[in-house]
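These notes concern the structure reproduced below.
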Amino acid sequence: MVDFPRNESIYELIGLGGTFDQFHLGHADLIKTAFNYGKHVAIGLTTEKLLGNKKLKDKIQSYSKREKNLKQFIHNELGISEQYYSIIPLNDPFGPTITDKNLQAHVSSMETYKIAIKINEIRIQKGLQPLILIIIPIILNKFGKKFSSSELRKNL
């Protein structure tokens, strides 16, 4: 296991969220970025309740399978133990990001940063500090197209 948290971690608590279906390099980059900046990472994982408008939703892996894949990546690839992260079921698009006063930053991709902006708008309306937003670029595959769970589902 990696000695974690590393001293260069900037934030005590950082968050991110997603479906994390068909785990791919884009997901890996999002999670690695969160751990690079945060001592503790809160990962919101969408529940079936939020999958209503997803493409090919009947092919989306179960919540337990997606959670298992996240944990395997964090443990096996990053070497980080469970004490440094939590996986939180997301039943709405925002989860605890709009209520948790301890959350300091949020990681999202260029594809989903508008949700992060909305999170900050709601936090400000509620009298909470806005989050530092860390936006990562979209990762492209060998064909120059973005990694996409929807595209991966089409090939199942």
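Say whether the condition of being over 20 Å from Ile136 (Cβ atoms) and of a type outside the set (Gly, Ala, Ser) is met by at least one residue in region 20-29.
Within region 20-29 (the criterion being over 20 Å from Ile136 (Cβ atoms) and of a type outside the set (Gly, Ala, Ser)), the answer is no, since none of the residues qualifies.
Restricting attention to region 13-36, which residues are out of contact with any Pro (no Cβ under 9 Å at 6 or more places or on another chain) and under 19 Å from Pro96 (Cα atoms)?
If the condition is that a residue be out of contact with any Pro (no Cβ under 9 Å at 6 or more places or on another chain) and under 19 Å from Pro96 (Cα atoms), then Leu13, Ile14, Leu16, Gly18, Thr19, Phe20, Leu30, Ile31, Ala34 are the ones that fit.
Just to be sure I understand, how many residues within region 62-92 are within 13 Å of Gly18 (Cα to Cα) and hydroxyl-bearing (Ser, Thr, Tyr)?
Residues flagged as within 13 Å of Gly18 (Cα to Cα) and hydroxyl-bearing (Ser, Thr, Tyr) within region 62-92 amount to 1.
If I ask for residues that are in contact with a Leu (Cβ under 9 Å, 6 or more places away or on another chain), surrounded by 15 or more Cβ atoms within 10 Å (Cβ to Cβ) and free of Cβ contacts under 8 Å to residues at least 40 places away in the same chain, which ones from region 80-116 would you list?
Selection gives Ile98, Tyr113, Ala116.
Kindly indicate whether any position in region 72-79 is hydrophobic (A, V, I, L, M, F, W, C), touching a residue at least 12 places away in the same chain (Cβ under 8 Å) and in a strand (DSSP E or B).
no
Every residue, every condition in (1) out of contact with any strand residue (DSSP E or B) (no Cβ under 8 Å at 6 or more places or on another chain); (2) farther than 17 Å from Ile136 by Cβ, yes or no:
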position	(1), (2)
Gln72	yes, yes
Ile87	no, yes
Asn91	yes, yes
Pro96	no, yes
Ser108	no, no
Ile117	no, no
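Note down all Cβ pairs under 8 Å where the first residue falls in region 29-41 and is at negative phi, the second is among the aromatic types (Phe, Trp, Tyr) and outside any strand (DSSP E or B), and they're at least six residues apart or on different chains.
Hits for this filter: Ile31/Phe73; Phe35/Phe4; Phe35/Tyr84; Lys39/Tyr84; His40/Tyr84; Val41/Phe35; Val41/Tyr84.
From (1) more than 14 Å from the chain's Cα centre (by Cα); (2) modelled with pLDDT under 95; (3) polar (S, T, N, Q), pick out the condition that doesn't hold for Asn76.
So Asn76 meets the others, but not (2).
Do you know which residues across region 80-98 are farther than 18 Å from Lys32 by Cβ and not in a helix (DSSP H, G or I)?
Result: Ile88, Pro89, Leu90, Asn91, Asp92, Pro93, Phe94.
Which ones in region 107-156 are of a type in the set (Ser, Thr, Tyr) and at pLDDT 90 or above?
Once the filter is applied, which keeps residues that are of a type in the set (Ser, Thr, Tyr) and at pLDDT 90 or above, region 107-156 yields Ser108, Ser109, Tyr113.
Of these, Lys39, Lys101, which one is among the basic types (Lys, Arg), assigned to a loop (DSSP other than H, G, I, E, B) and under 30 Å from Gln125 (Cα atoms)?
Result of the check over Lys39, Lys101: Lys101.
The values are calculated or read from the model by the stated rules, or taken from the named source; none is laboratory data. Fair warning: this is a prediction, and the values are worked out from it, not measured in the lab. Positions of Cβ are backbone-derived with ideal geometry, glycine not excepted, and every protein chain shown enters the neighbour counts.
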